[in-house]
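Q: Below you will find the structure I want to go over with you.
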Amino acid sequence: MTTAVVVGAGPNGLAAALTLAQAGVEVHVREAHAQIGGGTRSADLTRNGLIHDVCAAAHPFGIASPYLSSLPLAAHGLGWAHPTIAASHPLDDGSGASLIGGTGTTAAALQDPNWARLFGPIERSFDDLVADVLGPVLRTPTSPVRFGQFGMRAALPASAIAKLLRNESSRALFAGMAAHVIRPFNQPLSSSVAALLIAAGHAVGWPVAVGGSHQISKAMASLLESLGGQVTTSDPVTDAAELDADIIMFDLAPGAVARLLNDRLPPKVRNSFTRWKHGPAAYKVDLAIEGDIPWTHADGHQAGTLHLGGSFAEIAHAEREVCAGRMPARPFVLVGQQYLADPTRSANGINPVWSYAHVPNGYTGNATTAVLDQFERFAPGTRDRVVAMHVTPPADFERYNANYVGGDILTGANTVGQLIWRPSRRMNPYGLGLEGHYICSAATPPGAGVHGMCGWHAAQTALADLNSTLR
Ligand SMILES: Cc1cc2nc3c(=O)[nH]c(=O)nc-3n(C[C@H](O)[C@H](O)[C@H](O)COP(=O)(O)OP(=O)(O)OC[C@H]3O[C@@H](n4cnc5c(N)ncnc54)[C@H](O)[C@@H]3O)c2cc1C
């Protein structure tokens, strides 16, 4: 029987393992941490009984993923819950802008028909488009016209898209979406993640996983075990020589793969992997709140995700600063109120609130006050409702998960080069040029997010190689 070892039980490692197990391969997943899941874990970070997502919180990519949605994960405990409003963006004057329903509804609320003109076509073709967009960049799309519509928007700098929008509110809403790519707004491809998040928000929503994001990885592991796969935790791989299987799959950052395989890797791959650049970091502040956050803008009370940062110009400035390695006075802050859609996360009137700021890679300062100040700016009185707090600075993220080098939660900087050629300049990005060895982490296409598509593509490569060897 063909055997495989997958190193790392993040969503991509588990997706690779499942794809291989579905093809009849005997799979063993080895996870360094005491819990599976990588970026999809949850814990009572602030208080017993409260469920906080440690990393990923909102799952437009999870619900849209062609691979995850093909799996019977509901039968293994995964349920999605949708907040009334996917995402909202409060402004200083007490107004705000929100991603609600389809592009038509949002455009009407924004009083900006250009929102619908820009994003309507990709919302309408979302189901077909997603298979192309969540694939490797360098290949022929199945629907070139739809892919082209998406590509034209994705390729533009965020600052160029902002010029096409008609008012400050829609530009601010777009800025919050664009900031997810963590890249200066005047550079090409800085609209890429925004285009996808907006289209997904309008087409399928931004759900949370009922009971916490760890339900995603738990359901995947449960399905894997039902297919005969094995998962071991607290089982770090420190020496590649201990790995003995026909297929060896790394759900790791390129630098870690280079260290493990060292001179067994072809020099070109090893050089790319050791030179792989990591991007800005997350500085996370989880709060236990008495009641709700007192948002001034009413939509905040119904929004699963909020973007705190003010105007387009202000967020553009904050993102430029963190990308240049400088800490802005007012960082861009993302907030998650998963409990609104999923009340099982709260206890005794105390609710868990998830937030993190973009800060420079390896930032060692204290950003907690800056994060709380952004809350107070749009929800005066927030501090008075905080009954417990848990802070995760960049160094703790790296200790928690070796893939988050310097606190980089995307497993690699989104430079143009790394967005197109990831993780090295090879036509097949998943193979390592070493027989039977593959990389499947978010450093490979299509990149960060809980969609499992990197793992699925990597496993398909491994299976194709296996078939051609057997032929
Ligand atoms: C704060 C934060 C917020 C985020 N928010 C979102 C969000 O809302 N929505 C979204 O879609 N995505 C979000 N993401 C991104 C998402 O979590 C990641 O892109 C995704 O988890 C990447 O999956 P992966 O399988 O490639 O790697 P990971 O999830 O990083 O998993 C890698 C696994 O490998 C293990 N490992 C590392 N080294 C070894 C070793 N030597 N031996 C064995 N095991 C090892 C790690 O412990 C880990 O479990 C967020 C991430 C963070 C940190």
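Bear in mind these aren't lab numbers, they're just calculated from the coordinates by the rules spelled out. No experiment lies behind these values; they were computed from the predicted model shown. Cβ sites come from the backbone with ideal geometry, for glycine too, and all protein chains shown count toward neighbours.
Q: Sorted by average packing, counted as other Cβ atoms within 10 angstrom per residue and highest first, what order do 209-220, 235-246, 354-365 take?
A: Sorting 209-220, 235-246, 354-365 by mean packing, highest first, produces 209-220, 354-365, 235-246.
Q: What length, rounded to one decimal in nm, is gained on full extension from A43 through to L434, with 0.36 nm per residue of separation minus their alpha-carbon distance?
A: Gain in length upon complete extension: 137.0 nm.
Q: Between V391 and A108, what length in nm is gained on full extension when 0.36 nm per residue of separation is reduced by their alpha carbon distance?
A: My answer for the length gained is 98.0 nm.
Q: Using the Cα atoms of the chain, I'd like the radius of gyration and the largest Cα-Cα distance, Dmax, both in angstrom.
A: Final numbers for Rg and Dmax: 21.1, 68 Å.
Q: Please sort 301-308, 191-198 by packing, taking for each peptide the average over its residues of neighbouring beta carbons within 10 angstrom, highest first.
A: 191-198, 301-308
Q: Pop the C-beta distance of T2 and A34 into the FRET formula with R0 = 30 Å and round what comes out to the nearest 0.05.
A: About 0.55, to the nearest 0.05.
Q: What does the C-alpha gyration tensor say about the overall shape of segment 1-83? Classify as rounded when a/c is under 1.5, otherwise prolate if a/b is larger than b/c, or oblate.
A: It is oblate, given that a/c is not under 1.5 and a/b is not larger than b/c.
Q: Still on this structure: Give me the aspartates and glutamates in straight-line cross-link reach of K284: C-alpha distance below 16 Å, same-chain residues under 8 apart excluded.
A: Straight-line reach from K284, under 16 Å: D44, D53, D373, D396, E398, D408.
Q: Write down the percent of antiparallel bridges among all DSSP beta bridges whose residues are both part of the chain, to the nearest 5.
A: Approximately 65 percent, going by the DSSP bridge assignments.
Q: Separate question: Could you sort 173-184, 383-394, 76-87 so that the peptide with the highest average Cβ count within 10 Å comes first and the rest follow in order?
A: 173-184, 76-87, 383-394
Q: Using amide H atoms built 1.01 Å from N in the peptide plane, name the residues 5+ places from G96, or on other chains, whose amide H lies under 5 Å from its own.
A: Amide H to amide H, under 5 Å and 5 or more residues apart or across chains, G96 pairs with L91.
Q: Quickly work out the M152-to-W421 label distance, labels modelled 7 Å from Cα along the C-beta direction, and quote it in nm with one decimal.
A: Each label point is offset 7 Å from its Cα along the Cβ direction, giving 2.9 nm.
Q: Given the C-alpha centroids of segment 375-426 and segment 205-225, what is the distance between them in whole angstrom?
A: The distance from the Cα centre of segment 375-426 to that of segment 205-225 comes to 21 Å.
Q: For segment 104-203, what is the convex hull volume of its Cα atoms per residue in Å³?
A: So the per-residue Cα hull volume is 86 Å³.
Q: What lysines does K268 reach when the alpha-carbon gap must be under 23 Å and sequence neighbours fewer than 8 apart in one chain are set aside?
A: K277
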